[in-house]
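Here's the structure, in structure tokens; my notes come after.
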Amino acid sequence: MTTMQVYGPALGADVVGEARAAEAAGFSGVRVLDHLFCAINDGPVNTFDHPLVALGAAAAVTHRIVLTQTMLDVTRRHPTEVAQAIATLDRLSGGRAELGLGAGWYVPEHQAVGIDLGTPGTRVARLLESLAICRQMFTDHGRVHVDGEFYRAHVDVAWQPTVRTIPIVVGASRPRLIAAAGTYADRLEILSPDDADEALVLDADRLHNYIDSARGSASAAGHPICFGARVTLRLGGTSRHRSRPLELAGTPDDVVDGVARLAELGFSRLTVLALDQPSAAWVRAGIDILKAVPVRDEIVTA
């Protein structure tokens with residue numbers, strides 16, 4: 001296990017303070033969520049800062065941590081705008097930006113602005129087209145030519161060079177997207193059952209199959225890929241919870257054992273959701289668990 005991500009929407013909106021604290025604590029990255037508003041896990045409706053504005057502020061007060069998102073919603077932005085914004089963030093932060101891209105899932109916020117999310121198949125197709133555009137712009141310094149089903153873009157003017165090719169992270173819960181994302185993603189994050197609409201309940205064998213299929217797509221596209229998972233965290237829980245690969249339950253020692261099992265499955269990064277903890281308790285529990293894990297990586301703020 002080389003890295004550990006911690007995801008906690010209850011941490012609040014102090015992105016600058018959280019980024020400073022994350023860097024001081026030895027974490028290697030900070031993430032923000034992307035919503036206009038959202039009720040997470042049947043909780044109260046929350047509002048959110050714009051993710052890229054927030055990360056720009058975080059970049060200004062940090063020097064080392066990676067700046068990424070969970071996940072930017074492709075339905076509310078043209079991919080050329082997304083690629084330009086991430087490339088700008090990467091350049092101004094000295095090469096610390098990642099692009100986290102997802103298909104969108106929270107229906108009420110889309111209805112509020114008159115956007116039809118469409119069928120699951122439509123969401124996946126739109127995301128794949130967006131990924132292709134962003135990948136092309138990242139590798140060709142902003143140039144892109146595409147006439148797609150959802151987007152049209154013809155840009156011949158190069159932007160200022162980025163520090164390096166910007167990593168693309170994709171969050172996925174559906175088999176088609178898990179298999180196809182390897183073509184474009186540098187990291188694929190498989191969502192836990194509580195993490196998205198109709199998310200998959202995955203056992204170890206199915207996880208192996210999905211990882212293998214995405215790895216095959218990445219190999220065919222000529223680039224490596226690594227894997228992350230978003231897992232539910234239950235302090236306590238039952239043996240039924242502990243038997244599920246994407247649930248970490250029990251004592252801190254049980255949770256550390258669960259992390260080791262995920263590493264054996266092929267995951268090198270984790271995002272942990274503390275579903276049953278209020279904010280202060282979540283922070284204390286997360287810190288206690290992370291002390292038992294060899295390397296800490298990313299902490300997410302809302």
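Backbone geometry of the range 62-69 corresponds, through the Karplus equation with coefficients 6.51, -1.76 and 1.60 at θ = phi - 60°, to 3J(HN,Hα) couplings of 10, 10, 10, 5, 6, 10, 9, 9 Hz, x marking Gly and Pro.
Using r as the Cβ-Cβ distance of Asp212 and Trp159, and R0 as 45 Å, what FRET efficiency do you calculate, to the nearest 0.05?
On the way: r = 36 Å, r/R0 = 0.81.
Given R0 = 45 Å and the Cβ-Cβ separation, E is 0.80.
Here, each number is a calculation from the coordinates, and none is a lab measurement. Please read all numbers here as calculations on a predicted model, not as lab measurements. Please note: Cβ atoms are built from the backbone with ideal geometry, for glycine as well, and neighbour counts cover all protein chains shown.
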